[in-house]
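Novice: To start, I am sharing the structure in question, which I have written as structure tokens.
Bear in mind these aren't lab numbers, they're just calculated from the coordinates by the rules spelled out. In this text the structure is predicted, and so the values were computed from the model without any measurement. Cβ: placed from backbone, ideal geometry, glycine included. Neighbour counts: every protein chain shown.
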Amino acid sequence: MKLIAGLGNPGAEYSNTRHNAGFFVVDRLASRWRIDMTRQKHNAICGSGMYEEEKVLLLKPQTFMNRSGTSVAEAVNFYKVDRKDILVILDDMALPLGQMRLRSQGSSGGHNGLQDVLDKLGSQSVNRLRIGIGYPQHGDTVNYVLSTFTEQEAMELAALLPKAAAAVECWVRDGMAAAMNQFNASETN
């Protein structure tokens, strides 16, 4: 089983914010794979199904961003998911809007949601897909990540979502090294 956790904040007030980029990718995958995302379990909205020959669990933690690890760890422990079969999808201010980057390990890069996942799983060797949201020109970062996309930014993000979904599909099918080779190499394209 592959566990794919998109990070974000629950509730209508946060539904279209930059911090919910992980939720957007999971929603895209659920649509592509025809997975019903109405089940509530592991402090998350989740759904399971198949992608090609692989069982997949899609997870949207409802614990708020900074406590995302609680939900992810619950699902990992319940299903006995191997660390190599986990993919966390999150927003990243260090990447320009419209870019993404896959990594198999490393620090949280200052992202509190990812840090909580790494802490709860007890390892920095957790696959992640970072979705670029850009860095604020003015103001503080907290207000920035909790702000909504402009119309132009929303179009740029919408154009990235199919590519992000394809990267996840490549990871499920062929593994992280293949996905990084294919999708990180095309970052500037």
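Novice: Under 15 Å from a point 7 Å along the Cα-to-Cβ line of THR141: which residues of the range 101-125 have their amide N that close?
Specialist: Output list for this probe position: 107-116.
Novice: Among GLY139, SER123, MET37, whose Cα lies farthest out toward the positive end of the dipole of the chain, if unit charges sit on the beta carbon of Lys, Arg (+1) and Asp, Glu (-1)?
Specialist: It is SER123.
Novice: Could you identify which residue out of GLN137, GLN62, GLN99 has the top mean-square fluctuation in a GNM of the chain using Cα springs shorter than 10 Å?
Specialist: Greatest mean-square fluctuation among the candidates belongs to GLN137.
Novice: At 222 nm, what helix-only mean residue ellipticity would the chain give, in deg cm²/dmol to the nearest 500, using -39500 (n - 2.57) for each DSSP H run of four or more? Don't skip to the end; give the middle numbers.
Specialist: On the way: 6 runs with 68 residues, N = 189.
So the helix-based figure for the chain works out to -11000 deg cm²/dmol.
Novice: Size of the dipole of the chain about the Cα centre, Lys and Arg at +1 and Asp and Glu at -1 on the beta carbon, nothing else charged, in debye to 20? All intermediate terms of the calculation are to be shown ahead of the outcome.
Specialist: Numbers: 20 positive and 20 negative charges, 96 e Å.
My answer is approximately 460 debye.
Novice: Do any of LYS80/LYS163; LYS120/LYS163; LYS41/LYS120 go past 22 Å between their Cα atoms, and which? Working shown, then result.
Specialist: Numbers: LYS80/LYS163 29 Å; LYS120/LYS163 29 Å; LYS41/LYS120 18 Å.
In this structure, LYS80/LYS163; LYS120/LYS163 exceed 22 Å between Cα atoms.
Novice: Same structure again: In the neighborhood of ASN112, defined by Cβ-to-Cβ distances under 15 Å, what is the net charge if each Lys or Arg adds +1 and each Asp or Glu adds -1? Write down the numbers at each step before the final one.
Specialist: On the way: positive: ARG18, ARG67, LYS120, ARG128, ARG130; negative: ASP91, ASP92, ASP116, ASP119, ASP140.
Net charge in that neighbourhood comes out at 0.
Novice: Stokes-Einstein at 37 °C, 0.692 mPa s, Kirkwood radius from Cα pairs: D for the range 1-92 in µm² s⁻¹?
Specialist: Diffusion coefficient, whole number: 255 µm²/s.
Novice: Over all distinct Cα pairs, what is the inverse of the mean 1/r for the chain, reported as the Kirkwood hydrodynamic radius in Å?
Specialist: Numbers: mean 1/r = 0.0618 Å⁻¹.
Kirkwood hydrodynamic radius for the chain: 16.2 Å.
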